[in-house]
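Visitor: Sending over a structure as structure tokens; questions will come in a sec.
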Amino acid sequence: MLEPLNLPPYPFKLTDDNGRLSIFDELRKKQIVLTPEEWVRQHFVQYLIREKGYPRALIKLEGGLKLNGLAKRTDIVVFDTEGRKILLVECKAPAVKITQHTFDQAARYNMVHKVPVMAVTNGLAHYYCRIDHTAATYAFLQELPAYPLSY
């Protein structure tokens, strides 16, 4: 059974193919195998769109990046209308605790992306921070800023 998350419920299109659940990803326009991490990612995307006003067209899922010569994937990157990256979201399965290690992983990805706002979530706990790359500082936020971000 799918675990309830600490995010609003959304009317997802789920398909059961001989015991293998998939979810329709409306951004990528295809069925995706429903893993616990994907369950969180799909909820968070809907949260961004429906609750925080982020335009669908500016959200990219599972984008690639190179970090220390290794190929990595970011879960969610959001752009502004000028094409600048403004938000990086790292999603984990609900069973994965958000630890300093998890946060450090997202921060390493952000060394490449250099976004001003970063989020880390497992669907149950959500952490947000604003990053000042010039001063090399960050500050945790109580909630995710709505679109458009002011930075």
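The values are calculated or read from the model by the stated rules, or taken from the named source; none is laboratory data. Quantities reported herein were computed from a predicted structural model and do not represent experimental measurements. We place every Cβ from the backbone using ideal geometry, glycine too, and count neighbours over all the protein chains shown.
Quick grid of which residues meet (1) surrounded by fewer than 15 Cβ atoms within 10 Å (Cβ to Cβ); (2) touching a helix residue (DSSP H, G or I) at 6+ places or on another chain (Cβ under 6 Å); (3) in contact (Cβ under 8 Å) with a residue 40 or more places away in the chain; (4) over 17 Å from Tyr147 (Cβ atoms):
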{"site": "Asn6", "(1), (2), (3), (4)": "yes, no, yes, yes"}
{"site": "Asp17", "(1), (2), (3), (4)": "yes, no, no, yes"}
{"site": "Arg20", "(1), (2), (3), (4)": "yes, no, no, yes"}
{"site": "Gln31", "(1), (2), (3), (4)": "no, no, no, yes"}
{"site": "Thr35", "(1), (2), (3), (4)": "yes, no, yes, yes"}
{"site": "Gln46", "(1), (2), (3), (4)": "no, no, no, no"}
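Visitor: What single numbered condition from (1) modelled with pLDDT of 95 or more; (2) more than 23 Å from His126 (Cα to Cα) fails to hold for Arg56?
Guide: Condition not satisfied by Arg56: (2).
Visitor: Gly83 passes all but one of (1) small (Gly, Ala, Ser); (2) in a loop (DSSP other than H, G, I, E, B); (3) at pLDDT 95 or above; which number fails?
Guide: Result: Gly83 fails condition (3) only.
Visitor: Is there a residue being among the β-branched types (Val, Ile, Thr), crowded, with 21+ Cβ neighbours inside 10 Å and in contact with a Leu (Cβ under 9 Å, 6 or more places away or on another chain) anywhere in the range 88-107?
Guide: First, the residues of the range 88-107 that are among the β-branched types (Val, Ile, Thr): 89, 96, 98-99, 102.
Those left that are additionally crowded, with 21+ Cβ neighbours inside 10 Å: 89.
Retained after the next criterion (residues that are in contact with a Leu (Cβ under 9 Å, 6 or more places away or on another chain)): 89.
For the range 88-107, residues among the β-branched types (Val, Ile, Thr), crowded, with 21+ Cβ neighbours inside 10 Å and in contact with a Leu (Cβ under 9 Å, 6 or more places away or on another chain): present.
Residue by residue, here is whether (1) closer than 18 Å to Tyr47 by Cβ; (2) touching a residue at least 24 places away in the same chain (Cβ under 8 Å) holds:
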site: Gln100; (1), (2): no, no
site: Asp104; (1), (2): no, no
site: His113; (1), (2): no, yes
site: Pro116; (1), (2): no, yes
site: Asn122; (1), (2): yes, yes
site: Ala125; (1), (2): yes, yes
site: Ala135; (1), (2): no, no
site: Phe140; (1), (2): no, no
site: Leu149; (1), (2): yes, yes
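Visitor: In this structure, does Glu51 turn out to be modelled with pLDDT of 90 or more, acidic (Asp, Glu) and closer than 19 Å to Ser150 by Cα?
Guide: Working: modelled with pLDDT of 90 or more: yes; acidic (Asp, Glu): yes; closer than 19 Å to Ser150 by Cα: yes.
Against the criterion (modelled with pLDDT of 90 or more, acidic (Asp, Glu) and closer than 19 Å to Ser150 by Cα), Glu51 qualifies.
Visitor: If we keep just the residues of the range 114-136 that are surrounded by fewer than 17 Cβ atoms within 10 Å (Cβ to Cβ) and more than 26 Å from Pro8 (Cα to Cα), which is nearest to the chain's Cα centre (by Cα)?
Guide: Going residue by residue through the range 114-136, those that are surrounded by fewer than 17 Cβ atoms within 10 Å (Cβ to Cβ) are 114, 125, 130, 132-136.
Then drop every residue that is not more than 26 Å from Pro8 (Cα to Cα), which leaves 114, 132-136.
Numbers: Lys114: 15, Asp132: 20, His133: 20, Thr134: 24, Ala135: 25, Ala136: 22 Å.
Taking the candidates together, the pick is Lys114.
Visitor: If the requirement is being in a loop (DSSP other than H, G, I, E, B), modelled with pLDDT of 85 or more, closer than 22 Å to Asp80 by Cβ and more than 13 Å from the chain's Cα centre (by Cα), which of these qualifies: Ala139, Ala146?
Guide: Numbers: Ala139 fails: in a loop (DSSP other than H, G, I, E, B).
Answer to the selection: Ala146.
Visitor: In the range 1-25, what count of residues is obtained for those that are part of a loop (DSSP other than H, G, I, E, B) and modelled with pLDDT of 90 or more?
Guide: If we filter the range 1-25 for residues that are part of a loop (DSSP other than H, G, I, E, B), which is where we start, we get 1-13, 18-19.
Imposing the further condition that a residue be modelled with pLDDT of 90 or more reduces the set to 4-13.
Of the residues in the range 1-25, 10 are part of a loop (DSSP other than H, G, I, E, B) and modelled with pLDDT of 90 or more.
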